[in-house]
Amino acid sequence: MTWTHCITRSLDPPPPPATLPVRPIRVKHHKPTHECGVFAVFGHPNAAVLTYYGLFALQHRGQESAGIVTASGPNTPFNRHVAMGLVSQVFTNPDLEKLKGTRSIGHVRYSTTGSSSLKNAQPLIADCARGQLAIGHNGNLVNAALLRDELEQRGSIFSTTVDSEIILHLLAQPNDAAGVFAALRKIQGAYSLVMMTEREIIGVRDPFGFRPLSLGKLDGAYVLSSETCAFDLIHAEFIREIEPGEVVIINENGIKSIKPFNEEKRAFCMFEYVYFARPDSIISDINVARVRTQMGRELARLHPAEADLVVPVPDSGNYAALGFAEELGIPYNHAFVRNHYIGRTFLQPTQLIRDFNVRVKLNLIKEAVAGKRVVVVDDSIVRGTTARARVINMREAGAKEVHMRISCPPHKHACHYGIDFPDPEKLLANQCSLDQIRDYLGADSIGYLDVAGMVRATGQPESEFCLACFNGKYPVPVDPNLDKYIMERRQNRVNLLVSEEKQPELFDKVS
């Protein structure tokens, strides 16, 4: 039975040119990080090249690994190339020439579950009873541990540690046609998927619509992308967003849209607007840069400041700082110079290297702030280490006053849907009051945008968004026993006890 046969029958309503690859070193970041970006092409002779450029445009969504899978036609083997590193490092011209085919899916990854390793690089592929299948996933499953245990008890053997492979195993189960959508209904959490079978490209967005996914067209071919900025790069026409809970099947007969899930209240991740999405992308018919500029205006109305200069923390703070400055009529200038060639490659074994990491990414133009009252506008504060370093730099450069303004509310809660927010115990706003945060940063004042102003800036109702990292209200319930941060803390305690038993004299010296 083919994948085409399975999908078209499953319509019953649901029951209630580059350098050599370089492996990046995983570090603990002081900014929230993405999980990944996905891209797909159906019906174009240069599918692999288009996917390469699409992934290039989505590079901001993941810098650990990249991959492309292509296919020429029915009953032909899939071609796959994945490696650790940036898109420009992973693919050379010879690599792309080997990726023949008119269909392709691509993926860039930052790991929030599963280790940063080649075995976890996507897209993943499988050859099963229904034929070949490849999958790329953006998001995070909250019931991954339970599903993996269930599948292993039934004989499944996993070759990776990513939750994306769980979806692959569920889809590969040799059951009847209705089992395809039944498998998708089992997964809970955030997922925007691109899949490739021997005849189709398939796009899937979870019923809550946590992560973005859009449809475009180029020279008669169809494309899917996490963000519309990738369409701009390849000159594809944006058609529409894939709706929450929608499955689109693209084959030689055109596009088929199916909604096999129960309808849920929409919960789009607000942080896509605040930080993640590229400013030139369009989400819900709204330009991201325009939303961020409006957030800055809202912030200025809520927490104005008497100052001589507004300075953004580049790049994500640029538009919010511009809106803040325009609203209050304060001069706007770039006092931080960002090194765009750093990436995420610094090992951080000592405080000396951590401080170097902070300074090398953003260097301050001292003359721009000396003797001035400065407002520093950033999109978020997570652990506070980087923000504190910025204030110290300003003081050392001779700034008279330093006022911190943040274009979103305080982050007090972990994200379970695909954003690498740290353990809540490591979130500065979870542990400290506003006054304590101000004192820790060394700022003269601090002001965060509130939820109401942030939502107003989007022009959409609050009910459209997931705001869990701000208010702790999770659209998809999370079992505390499966919370990765709680499990990580438990494991750390176990490791510590084991270490104490093995090396008691060392711990005695330390204590």
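Looking across the stretch 133-174 at every residue that is open to solvent by 30 Å² or more (accessible area, probe 1.4 Å) and among the polar types (S, T, N, Q), the one that is nearest to the chain's Cα centre (by Cα) is identified as Thr161. Which of the residues that make up the stretch 302-318 are assigned to a loop (DSSP other than H, G, I, E, B), open to solvent by 60 Å² or more (accessible area, probe 1.4 Å) and in contact with a helix residue (DSSP H, G or I) (Cβ under 8 Å, 6 or more places away or on another chain)? Pro304 - this is the single residue of the stretch 302-318 that is assigned to a loop (DSSP other than H, G, I, E, B), open to solvent by 60 Å² or more (accessible area, probe 1.4 Å) and in contact with a helix residue (DSSP H, G or I) (Cβ under 8 Å, 6 or more places away or on another chain).
State whether one or more residues within the stretch 433-455 are at pLDDT below 90 and open to solvent by 30 Å² or more (accessible area, probe 1.4 Å).
no
It is to be established whether one or more residues within the stretch 27-36 are open to solvent by 10 Å² or more (accessible area, probe 1.4 Å), at pLDDT below 95 and hydrophobic (A, V, I, L, M, F, W, C). Within the stretch 27-36, one or more residues are open to solvent by 10 Å² or more (accessible area, probe 1.4 Å), at pLDDT below 95 and hydrophobic (A, V, I, L, M, F, W, C).
Residue count for the stretch 73-94, restricted to those that are assigned to a helix (DSSP H, G or I) and either closer than 28 Å to Arg130 by Cα or open to solvent by 50 Å² or more (accessible area, probe 1.4 Å) (or both): 2.
Conditions (1) among the hydrophobic types (A, V, I, L, M, F, W, C); (2) within 25 Å of the chain's Cα centre (by Cα); (3) outside any loop (DSSP other than H, G, I, E, B), marked per residue:
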{"residue": "Asn363", "(1), (2), (3)": "no, no, yes"}
{"residue": "Ala368", "(1), (2), (3)": "yes, no, yes"}
{"residue": "Val391", "(1), (2), (3)": "yes, no, yes"}
{"residue": "Arg405", "(1), (2), (3)": "no, yes, yes"}
{"residue": "Pro409", "(1), (2), (3)": "no, yes, no"}
{"residue": "Lys412", "(1), (2), (3)": "no, yes, no"}
{"residue": "Cys415", "(1), (2), (3)": "yes, yes, no"}
{"residue": "Ile419", "(1), (2), (3)": "yes, yes, no"}
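Go through the stretch 380-422 and give me each residue that's open to solvent by 10 Å² or more (accessible area, probe 1.4 Å) and at positive phi. If the condition is that a residue be open to solvent by 10 Å² or more (accessible area, probe 1.4 Å) and at positive phi, then Gly398 is the only one that fits. Among the candidates Gly245, Gly209, Gly216, the residue that is farther than 18 Å from Ile282 by Cβ and modelled with pLDDT of 95 or more is uniquely Gly245.
Looking only at the stretch 112-132, how many residues end up being over 30 Å from Phe271 (Cβ atoms), small (Gly, Ala, Ser) and surrounded by fewer than 18 Cβ atoms within 10 Å (Cβ to Cβ)? Selection size over the stretch 112-132: 2.
Would the stretch 285-292 turn up any residue that is surrounded by fewer than 23 Cβ atoms within 10 Å (Cβ to Cβ), in contact with a Pro (Cβ under 8 Å, 6 or more places away or on another chain) and modelled with pLDDT of 95 or more? Yes.
The values are calculated or read from the model by the stated rules, or taken from the named source; none is laboratory data. Because the structure is predicted, anything quoted here is derived from the model rather than measured. Cβ: placed from backbone, ideal geometry, glycine included. Neighbour counts: every protein chain shown. Surface accessibility is based on the protein's heavy atoms, side chains included, excluding ligands, DNA and RNA. Shrake-Rupley method; radii C 1.70, N 1.55, O 1.52, S 1.80 Å.
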